[in-house]
Amino acid sequence: MSESQDPLSYPPIDPVNFDLIIVGTGLSESVVAAAASAAGKTILHLDPNSFYGSHFASLSFLDFTSYLTSPNPLPTAVTTTDSEDVVVDLLHQPICSDVEISCYDEYSFLCENSRKFNIDLGGPRALFSADRTIDLLLKSGAAQYLEFKGIDESFVYEPNGGLANVPDSRGAIFRDKKLSLKEKNQLMRFFKLVQQHLDDNQEEKISEEDMEIPFVNFLEKMKLPPKIKSILLYAIALVDYDQDSNEVCKDLLKTKVGIDCLAQYSSSVGRFPNAPGALLYPIYGEGELPQAFCRRAAVKGCIYVLRMPVVSLFMDKATGLYKGVRLASGQDLYSQQLILDPSFTIPSPLSLSPRDFPCERLQMLSQRDIKGMVARGICITRSSIKPDVSNCSVVYPPRSLYPDQMTSIKSLQIGSNLAVCPEGTFILYFSTLCNNADEGKNLLKAAMNALLTLPVSGNTESISSVQSDSEDTKPIVLWSALYIQKLIVSNFELISSTSTPDGNLNYNDLLHAAEELFRQMYPNEEFFPKATPPEDPTDEDDNGLTLDS
């Protein structure tokens, strides 16, 4: 974490003029920095933290708890005067709230091994092997700084308390002992229809009329049973809201989008030899992704300065146009454009601005576009939720935990073989969209209790053995954290801002928003010209992506 430092001790930055200044090293900001640097722009990339990644960082155990419980306020700037400019102080508003941390046992062990943990702030997150994130990593050249490992298994939680495998191939369907012969045949016929639809050489296609109806209605039209529908909708298409309840569903998936999701999932399975499943996860945590793009930007000339707070903006007094930023040291830096981390905002109204200053240009920053909230939860355990499986994903479909559950819950278990926790421990991430903090926390607690044992007494000594319905011992939680995160979307104006981590399992929407932001800023520039291959590709597969076996 950033330690307190005398603002006057910050070293001056040279040069002072840039095409673009970016504040915050989150994934979106880092992607734009790398793309703009590749386009030949002069970039200064600042972060008040001592680490890369901002809200997408992977932190040690103690740094993670400190980040959630002790947000760092912006220091006060050294006062300087300039009659031509209006200085507008920035406000730092943490995007996480309602933090609830519980330590049940082995706190000394967790603290002693703090640096062996790499805990994701924005989890659960994973990449489909065939999604746009992989394509962008390869196109940009950032892939050469990353190493991935495949997620071993994908499960869907069933109302009876068991975990069912998500079938990802013809062989997996027939091996699945929880599917009846009738269900296997129904699923095989459906996948065959989808493959024929996607095959340009096949004449049999899904009708245009069916492509426009809700996907859930199309699945009913195909006479698929509820269990198969649930797997397709929530474990493969990863839909958030209950598709069977039109009254509460905020996002009814159309068939054409559902088919695209199935195609992505199918294309991801087995794309890389060392990752037979659909999902990948970066070794050392999701914080490696923004760092990879930052490294790519640095190669192209981007200047990076951490522990460097930006405390205010200065605007032209006559026009209200942005001119530059002011650091805590009092140094003024100039740029044509500015991108701010979504936790930064401007006070409204501007109390110290001249009477004739055109304040309307800054209203977009004082009124952030908050689209909702996501509840996130993290647990550390000593054993896996599934014997002999280190890394796995779990989806809890709507109503699988209790009747009033209107949203799905996504979960990801990561083990020590991905270098995110000490040997013999596991990290489990949970997330769900919610309307308020109480609703979100109740959903996550229900999901945790379904697969884990959360001690009530504050220690685990009194718990000898807790059995699930399948007679497997449920892992005992050593430590847990719950928190609510605002969903803030990016915007492009005089001063641009990026998005917070969303509620999706993958990064596709975030990267699409980052690309759109870049194209709005630089409409005549290409978003990542094709990169030259790395000089030493000996450890990479044929696709240019490094995978750990």
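The values are calculated or read from the model by the stated rules, or taken from the named source; none is laboratory data. Just so you know, these numbers come straight off a predicted model, no measurement behind them. Virtual Cβ from ideal backbone geometry, glycine too; neighbours counted across all protein chains shown. Heavy atoms of the whole protein, side chains included, go into the accessibility calculation; ligands, DNA and RNA do not. Shrake-Rupley method; radii C 1.70, N 1.55, O 1.52, S 1.80 Å.
Taken per residue, the accessible surface of segment 273-331 reaches 32 Å², heavy atoms only and a 1.4 Å probe. Applying the Karplus parametrisation 6.51 cos²θ - 1.76 cosθ + 1.60 with θ = phi - 60° to the phi angles of segment 477-482, what ³J(HN,Hα) value in whole Hz is obtained for each residue in order, glycine and proline being reported as x? Ordered by residue, 3J(HN,Hα) equals 7, 8, 7, 9, 9, 10 Hz. Whenever you get a sec, compute what percent of the accessible area on segment 172-282 sits on carbon and sulfur atoms (1.4 Å probe). Result for segment 172-282: 48 percent of the exposed heavy-atom area is carbon or sulfur. Database remark: amide H of Trp479 closer than 5 angstrom to the amide H of Tyr104, Ile380 (H placed geometrically; neighbours at sequence offset of 5 or more, or on other chains; Pro and chain starts carry no H). To the nearest 0.05, how large is the calculated FRET efficiency for Asp404 and Ser180 if R₀ is 30 Å and r is the Cβ-Cβ distance? About 0.55, to the nearest 0.05. Under the shape rule built on the C-alpha gyration tensor, where the axes satisfy a ≥ b ≥ c, segment 169-268 is oblate, since a/c reaches at least 1.5 while a/b does not exceed b/c.
In terms of the mean number of neighbouring beta-carbon atoms within 10 Å, the peptides 300-312, 116-128, 136-148, 35-47 order highest first as 116-128, 35-47, 136-148, 300-312. The GluC sites (Glu not before Pro) found in segment 233-335 that occupy coil by DSSP, while having at most 14 further C-beta atoms within 10 Å, are Glu247. Residues in segment 304-312 carry Karplus couplings, in order, of 10, 9, 8, 6, 10, x, 9, 10, 7 Hz; the curve used is 6.51 cos²θ - 1.76 cosθ + 1.60 with θ = phi - 60°, and Gly or Pro positions show x.
Once the convex hull of all Cα atoms in segment 233-303 is built, its volume per residue stands at 166 Å³. Available extension along the chain between Val299 and Ile213 is 26.2 nm, counting 0.36 nm per residue and deducting the alpha carbon span.
With kT/(6 pi eta Rh) evaluated at 20 °C and eta = 1.002 mPa s, and Rh the Kirkwood radius from Cα pairs, segment 177-231 diffuses with a coefficient of 176 µm²/s according to Stokes-Einstein. Compared with the direct C-alpha span, the chain from Lys205 to Asn449 gains 83.5 nm at full extension, assuming 0.36 nm per residue.
Protection proxy ranking for 274-280, 447-453, 51-57, using the average of other Cβ atoms within 10 Å per residue and placing the highest first: 51-57, 274-280, 447-453. In the context of the full protein assembly, Lys486 retains an accessible surface of approximately 60 Å², using a probe radius of 1.4 Å and ignoring ligands and nucleic acids. Across segment 320-334, coupling constants 3J(HN,Hα) worked out from phi with the 6.51/-1.76/1.60 Karplus curve, θ = phi - 60°, read x, 6, 5, 10, x, 10, 10, 7, 4, 6, x, 6, 9, 10, 10 Hz, and Gly and Pro carry x. Remark: segment 92-241 is approximated by an ellipsoid whose semi-axes, taken from the C-alpha gyration tensor as √(5λ), come to 37, 23, 18 Å, largest first. Remark: segment 169-268 carries 57 Å² of accessible area per residue (probe radius 1.4 Å; ligands, DNA and RNA excluded).
Packing, as the average of other Cβ atoms within 10 Å across residues, places the peptides 373-384, 313-324, 405-416, 181-192 in the order 405-416, 373-384, 313-324, 181-192, highest first. Close amide H pairs (under 5 Å, H built 1.01 Å from N) link Asp176 with no residue at least 5 positions away or on another chain.
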